[in-house]
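What follows is one structure encoded as structure tokens, with my remarks underneath.
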Amino acid sequence: MDVLIDANVIVGYYKEDVLGFNLEQTGLTGLVTDLVNNLQQQGNTIILDRSENSEEGQIFSEWSKHIPKSAREWFNAWFIKMLDEKRIVPIPVDQHLSANLLQRLYRLSFPNSVDKWYIRTAKTRAVSYQRADAHQILVKIISEDIDFFDPCQKDKAKGKHRIDILMSEDSPIPVILRPEGIDVCCVCNY
């Protein structure tokens, strides 16, 4: 299975791997170091959008924007290693494949931001598999951003209520994405 990892999860990985933060300090629902190890053990690939002129698309730009400047060397070394090992694979994205899907998500207050690139990339990959079973999940987006679960709750959900939304099976955005072959989960549900 291919996965897309949101920037907030990559920042959590940096905090765990470099700064030695524990779960409580990262504020995430699970340990990202365990997630990265599980991805490798299961043979899953992290996919990113690829720009026409480079391996670095919108998702990579968001990742690097959220990593502190003091950690660029760590981030660049990690990224290059993952590319070399084919654990991260940038793919060309067909923006037209996701246009209708994004319109449905926008009606649920999904932001018209860099987050749409996760949807575009996931949709492109799911379509590329030409799935026979409409209920098969082919791509997972791993995020702790409430916009990928229930964006209407962004300013309301705090603490346990927010965690409950992230861990729910019936949040509005994943419910719309699953028939498209895409699922969204938080770190601890992967």
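A count restricted to the stretch 100-115 and to residues that are assigned to a helix (DSSP H, G or I), of a type in the set (A, V, I, L, M, F, W, C) and more than 16 Å from GLN58 (Cβ to Cβ) stands at 2.
Inspection of the stretch 160-179 finds no residue satisfying the criterion of being touching a residue at least 24 places away in the same chain (Cβ under 8 Å), charged (D, E, K, R) and within 13 Å of ASP6 (Cβ to Cβ).
Look at GLU144 and say whether it is within 13 Å of the chain's Cα centre (by Cα) and outside any helix (DSSP H, G or I).
Details: within 13 Å of the chain's Cα centre (by Cα): yes; outside any helix (DSSP H, G or I): yes.
Judged against the criteria, GLU144 is a match.
Comparison of ASN22, ASN38 shows that the only residue that is under 21 Å from MET167 (Cβ atoms), touching a helix residue (DSSP H, G or I) at 6+ places or on another chain (Cβ under 9 Å) and surrounded by fewer than 17 Cβ atoms within 10 Å (Cβ to Cβ) is ASN22.
A residue that is of a type in the set (Gly, Ala, Ser) and in contact (Cβ under 8 Å) with a residue 60 or more places away in the chain occurs nowhere in the stretch 33-53. Of all residues in the stretch 125-157, those that are polar (S, T, N, Q), at pLDDT below 95 and either surrounded by 23 or more Cβ atoms within 10 Å (Cβ to Cβ) or in contact with a helix residue (DSSP H, G or I) (Cβ under 8 Å, 6 or more places away or on another chain) (or both) total 0.
The values are calculated or read from the model by the stated rules, or taken from the named source; none is laboratory data. What you are looking at is a predicted structure, and each value in this text was computed from that prediction instead of being measured. Ideal geometry is used to build each Cβ from the backbone, glycine not excepted, and the neighbour counts take in all protein chains shown.
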